[in-house]
Amino acid sequence: MLKLHSEHIGKRLLISMLVIVLSLLCISIPLIIGAYRDYQQSKHTLVELKALTTVADLANQISRERGPSNMAMSSTAEDLNKNLEDLKQYRKGVDEQIELTFATLQNAGFKQLAKELKFEIQNKLTLARQHVDKYIETPFQQRQSSQLDTTIVSMFGAWDSCHELLKNVVMQSQSKDGGISDYYTLVMILAELRDQAGRVASNVMASVTFHEPIPNENIARALQTQKQVRYLWDLVNTMQHEQNKTPEFNHLYVNVKRQFIDLGLPIVTQLIEQSHAGEAYFLKGTQLTAEISPKFTTVIDLQKYLLEYSVEAAEREQSAAQRKFLSNLLIALVSLMAALFTMIYAQRKVFYPLIQARDTIVELSYAHSSAGSDVVEHKLRQVHSLYDALRKLQDMLKQRDAFEFELKSIANTDRLTGVSNRLALDEYLKLTEKLPNHFENICLIIIDIDNFKQVNDTHGHIFGDNVIVAVADCLKENVRHSDLIIRFGGDEFLVVMQNIEFDKAVASAEKIRTAVASLDLIDPENQEKLNISVSIGVAVGARTWMDLLEKADKSLFKSKEGGKNLVSV
């Protein structure tokens, strides 16, 4: 019977150990899986952005092919051979970019879009080039401005298909709705701006080349295109967040205005005015291309910068996600090893000696009732005395209680902040519900960090965790030791106060708000200083816990509606 009882205690100990290990696994595994998913998503985002960058480069190169094409079509006999060679070399570079873009889209998972590139865009580009070559082969005396205008429009058809591909890459990107979604929009706007910039001069190119009046339809298109260019240019500045307007961005943005808006567009406007007045054009077709093409590059430079900036942002997000995944994995492994070590140590040093002492005492009891005095004396000499054994048993029980208390404290404590968690709140509510008028004299304070999602999206989840810890420390410093602090949600805390006057509770809430508002937090990534605030709701007394929680939540809603960084009752 003694042996069976000891085995029963050992089985209960083993079950307790397994429960603790399983609890740790239940907590750690979702965190690890979530961090791993974030890491994989950040990797996929980076791949998609690089694919978008490659397609944008292709769109720019196809758009810029109009420049050497116009130079060759507008050439005099003396310059034709040189301009044809330049056009041939440029086309070779575009063809290489098409192959690179095809491979990049395939690797990024855009297999259908890669097929569209091969069969649609490449075919339209080939058709446009055939129009250009046919025009160049036409003898000078047989050329007409309408033929040149049609050829220029065919080049726009190739770019239109490439622009559609760029839009489809954005639409099919899984990360377009994430934290860097604004970059996708800016890339599309700048691609459109680049194309509209090219169309401004192309609308008048044929007439200038042939020294003919510009048709009203072409003038209308040119003026409409200029208006669209100015609108898109203003939109770029509006879409870019202030925090991302770096000195380099501001320089490139201003450069677009100086070179293209202020100097490039007036060239086309002056040509239109000369056409209206019946005057000779101050530029030839080749000169118009040579004058305005370099000014287009300012738009490309701005687009290229924003693409590189977005890729760098995605690389930073990937590094942060990778660090978070590895840290979660390491913490989980260390916690599991520590739990196993603690349980093995407790089994060998606490529970096993405790069982031995108990078995010895019971054995002494049986020996006293069933054997002679010599046997009893022999047993007593083995353990010195029954009183010593009892004292030893008492010490073992104290050690066991301390160990159980420590395990329970770990389970009821939020790992990030060190304050209580929702398990601790559940235990507190079970005890409180047994008391008379249990919730009538309790004060509940709800604290919610303002704009916390924006902090996470802008500065990353690691910095967001630092903000949560800083707010928790403010709570510890500004409430009584007897008050219960609970991390209720990701960025939401509860403070439960007993036996406190209403005015003092509101004063405590105000102290918490002021302490948080005075925190100086610096993002180590970019050394940017960040000021945070909390909205607080206070409620005192209710019939049930849910009623009290609802009252406090309504007070919190008033703080949020009132502009945040407020205490409401």
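Read-outs throughout are calculated quantities, based only on the coordinates presented, and are distinct from any laboratory measurement. As the structure is a prediction and not an experimental result, all values here were calculated from the model. For neighbour counting, all protein chains shown are included, and Cβ atoms are generated from backbone atoms with ideal geometry for every residue, glycine included.
A few comments on the model shown:
- Computed magnitude of the charge dipole of region 422-568 (debye, nearest 20; Cβ of K, R +1, Cβ of D, E -1): 400 debye
- Centre-to-centre, using Cα atoms only, region 12-35 and region 483-545 are separated by 31 Å.
- In sequence order, calculated HN-Hα J values of region 205-219 (Karplus, 6.51, -1.76, 1.60; Hz; x Gly/Pro): 4, 4, 5, 5, 4, 9, 6, 10, x, 6, x, 4, 4, 5, 5
- Potential lengthening between Leu31 and Asn437 on full extension [0.36 nm per residue; Cα-Cα distance subtracted]: 142.2 nm
- Environment charge of Val469, counting only residues whose C-beta is closer than 14 Å and scoring Lys/Arg +1, Asp/Glu -1: -2
- Our coupling estimate for region 249-261, obtained by passing each phi through the Karplus curve with A = 6.51, B = -1.76, C = 1.60 and θ = phi - 60°, is 4, 4, 5, 5, 5, 5, 5, 4, 5, 5, 7, 9, 5 Hz, Gly and Pro reported as x.
- Centre-to-centre, using Cα atoms only, region 248-306 and region 178-236 are separated by 11 Å.
- Straight-distance candidates among the aspartates and glutamates for linking to Lys434, with alpha-carbon spacing under 16 Å and chain neighbours fewer than 8 residues away dropped: Asp426.
- Furthest towards positive pole of dipole, Leu166, Val153, Ile219, structure part region 108-232, Cβ charges: Leu166
- Trypsin sites (Lys or Arg not before Pro) restricted to DSSP loop in region 203-290 with at most 13 other C-beta within 10 Å: Lys245
- Summed residue charge, Cβ within 12 Å of Glu510's Cβ, Lys/Arg positive, Asp/Glu negative: +2
- Nearby lysines by direct alpha-carbon distance to Lys227 (threshold 27 angstrom, same-chain neighbours under 8 apart not counted): Lys167, Lys245, Lys257, Lys284, Lys295, Lys304
- Label corresponding to volume of the Cα convex hull per residue in Å³ when calculated from the structure given, among [x] 213; [y] 152; [z] 203: [x]
- Within the shell of other residues whose beta carbon sits under 11 angstrom from the beta carbon of Ser559, the net charge comes to +1, with Lys and Arg scored +1 and Asp and Glu -1.
- Ordered by the count of other Cβ atoms within 10 Å of each Cβ, fewest first, Cys474, Cys26, Cys162 give Cys26, Cys474, Cys162.
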